[in-house]
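Here the structure comes first, spelled out in structure tokens, and everything after it is commentary.
The values are calculated or read from the model by the stated rules, or taken from the named source; none is laboratory data. Here the structure is a predicted model, which means the values were calculated and not measured. Ideal geometry is used to build each Cβ from the backbone, glycine not excepted, and the neighbour counts take in all protein chains shown.
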Amino acid sequence: MEKIYQYIKDHATEPSEALAWVEKQTHVRTNHARMLSGAVQGQIMRMLVQTSGASRILELGTFTGYSAICLASAMPDGGHLDTLEINDELEDLILEGFERAGLADVIDLHIGDCKETLRRFREEGREYDLVYMDANKREYPEYYELVFDMVRPGGLILADNVLWDGKVCENPMPQDKQTLGIARFNDMVTEDRRVESVILPLRDGLNLIRKKA
């Protein structure tokens, strides 16, 4: 599988200089570089934004900003992205990446608890064309409920890591909170008649969810 992924990566559009910088800095300045979205998934998200025309985007879980840059760089003129991150130690790295990508004016970074920020956004009546979820896995079900009414009819929700290293498929399934949270989320989406969805077996699994019009 590693050889196949490398082949796919070698035949995908090459990441920008800003993304290459973020990837390098993530390896140098953090201990969790495997959390990076990466070139292949980043390009898929770019193309989803381009084909859907999404101009209002919400991201849950910025990490070092790689995926935010991918999403925001594909928005049409006038687009805006809100990204939420709980780790304030990453703020300087994130903001420098946005500056290098020329996207500082179209991305707002919100540092703090994700659920609290989402509740505030709901009260403010914010609406989004696309939501990308990549924050605390045990809280995916709660994120889904909080963001759903903020997604416009026909809009998209992308949820990362929904295969969780295959743990959601094991029998018996591990009972840690992260695995249980993701498994419950996947079941919620499957049973939700307001949406249509498919899990893409990309890296650790990407659930592509479309809110019906």
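Residues of the range 116-133 being surrounded by fewer than 16 Cβ atoms within 10 Å (Cβ to Cβ) and not acidic (Asp, Glu), which ones? Spell out the reasoning first.
Restricting attention to the range 116-133, the residues satisfying the condition of being surrounded by fewer than 16 Cβ atoms within 10 Å (Cβ to Cβ) are 116, 119-120, 122-127.
The answer is ARG119, ARG120, ARG122, GLY125, ARG126.
Can you report the number of residues in the range 26-40 which are assigned to a loop (DSSP other than H, G, I, E, B) and surrounded by fewer than 19 Cβ atoms within 10 Å (Cβ to Cβ)? If you could, list the steps in order and put the result at the bottom.
Within the range 26-40, the subset assigned to a loop (DSSP other than H, G, I, E, B) is 30-32, 36-38.
If we keep only those that are surrounded by fewer than 19 Cβ atoms within 10 Å (Cβ to Cβ) too, we end up with 30-32.
Adding up the residues that qualify gives 3.
Return the pairs, sorted by first residue and then second, in which the second residue is hydroxyl-bearing (Ser, Thr, Tyr), the first residue lies in the range 1-23 and is modelled with pLDDT of 90 or more, the beta carbons are less than 6 Å apart, and the residues are 6+ apart or on different chains.
VAL22/THR64; VAL22/TYR66
Checking GLU142 against (1) under 24 Å from ASP165 (Cα atoms); (2) surrounded by fewer than 18 Cβ atoms within 10 Å (Cβ to Cβ); (3) touching a Ser or Thr at 6+ places or on another chain (Cβ under 6 Å); (4) of a type outside the set (Lys, Arg), which test does it fail?
So GLU142 meets the others, but not (3).
Does the range 1-21 contain at least one residue that is surrounded by 13 or more Cβ atoms within 10 Å (Cβ to Cβ) and either of a type in the set (Asp, Glu) or in contact with a strand residue (DSSP E or B) (Cβ under 9 Å, 6 or more places away or on another chain) (or both)?
Checked the range 1-21: no residue is surrounded by 13 or more Cβ atoms within 10 Å (Cβ to Cβ) and either of a type in the set (Asp, Glu) or in contact with a strand residue (DSSP E or B) (Cβ under 9 Å, 6 or more places away or on another chain) (or both).
One line per residue, one yes/no per condition, for (1) free of Cβ contacts under 8 Å to residues at least 60 places away in the same chain; (2) not charged (D, E, K, R):
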{"residue": "GLU145", "(1), (2)": "yes, no"}
{"residue": "LEU163", "(1), (2)": "yes, yes"}
{"residue": "ARG184", "(1), (2)": "yes, no"}
{"residue": "GLY205", "(1), (2)": "yes, yes"}
{"residue": "LYS211", "(1), (2)": "no, no"}
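Against the definition (out of contact with any Cys (no Cβ under 9 Å at 6 or more places or on another chain), surrounded by 12 or more Cβ atoms within 10 Å (Cβ to Cβ), of a type outside the set (Gly, Ala, Ser) and modelled with pLDDT of 95 or more), how does ASP77 come out, yes or no? Walk me through how you get there before you give the answer.
Values: out of contact with any Cys (no Cβ under 9 Å at 6 or more places or on another chain): yes; surrounded by 12 or more Cβ atoms within 10 Å (Cβ to Cβ): no; of a type outside the set (Gly, Ala, Ser): yes; modelled with pLDDT of 95 or more: yes.
Against the criterion (out of contact with any Cys (no Cβ under 9 Å at 6 or more places or on another chain), surrounded by 12 or more Cβ atoms within 10 Å (Cβ to Cβ), of a type outside the set (Gly, Ala, Ser) and modelled with pLDDT of 95 or more), ASP77 does not qualify.
Name the single residue, out of those in the range 168-182 being buried (at least 16 other Cβ atoms within 10 Å of the Cβ) and not hydroxyl-bearing (Ser, Thr, Tyr), that is nearest to MET133 (Cα to Cα). Please lay out each step first, then the result.
Step one: filter the range 168-182 for residues buried (at least 16 other Cβ atoms within 10 Å of the Cβ), giving 168, 178-182.
With not hydroxyl-bearing (Ser, Thr, Tyr) added as a condition, the list becomes 168, 178, 180-182.
Details: VAL168: 18, GLN178: 14, LEU180: 16, GLY181: 13, ILE182: 11 Å.
Looking at residues that are buried (at least 16 other Cβ atoms within 10 Å of the Cβ) and not hydroxyl-bearing (Ser, Thr, Tyr), I get ILE182.
When you scan the range 41-49, do you find a residue that is hydrophobic (A, V, I, L, M, F, W, C), assigned to a strand (DSSP E or B) and buried (at least 19 other Cβ atoms within 10 Å of the Cβ), even just one? Step through it out loud before you land on a result.
We begin by selecting, within the range 41-49, every residue hydrophobic (A, V, I, L, M, F, W, C); these are 44-45, 47-49.
Next, from what is left, pick out any that are assigned to a strand (DSSP E or B): none.
Scanning the range 41-49 turns up no residue that is hydrophobic (A, V, I, L, M, F, W, C), assigned to a strand (DSSP E or B) and buried (at least 19 other Cβ atoms within 10 Å of the Cβ).
Within the range 55-70, how many residues are surrounded by 23 or more Cβ atoms within 10 Å (Cβ to Cβ), in contact with a strand residue (DSSP E or B) (Cβ under 8 Å, 6 or more places away or on another chain) and part of a loop (DSSP other than H, G, I, E, B)?
Within the range 55-70, residues that are surrounded by 23 or more Cβ atoms within 10 Å (Cβ to Cβ), in contact with a strand residue (DSSP E or B) (Cβ under 8 Å, 6 or more places away or on another chain) and part of a loop (DSSP other than H, G, I, E, B) number 3.
Among the residues of the range 170-198, count how many are part of a helix (DSSP H, G or I) and within 15 Å of PHE148 (Cα to Cα). I'd like the intermediate steps shown before the answer.
Just the residues of the range 170-198 that are part of a helix (DSSP H, G or I), to begin with: 177-191.
Then keep just the ones that are within 15 Å of PHE148 (Cα to Cα); that gives 185-186, 188-191.
Of the residues in that region, 6 qualify.
Here are some conditions: (1) under 18 Å from ASN207 (Cβ atoms); (2) assigned to a helix (DSSP H, G or I); (3) modelled with pLDDT of 95 or more. ASP165 meets all but one. Which one does it not meet?
Only one criterion in (1) under 18 Å from ASN207 (Cβ atoms); (2) assigned to a helix (DSSP H, G or I); (3) modelled with pLDDT of 95 or more is unmet by ASP165, namely (3).
Would you check which residues across the range 163-189 are more than 19 Å from the chain's Cα centre (by Cα) and among the polar types (S, T, N, Q) and list them?
Across the range 163-189, the qualifying residues are ASN171, GLN175.
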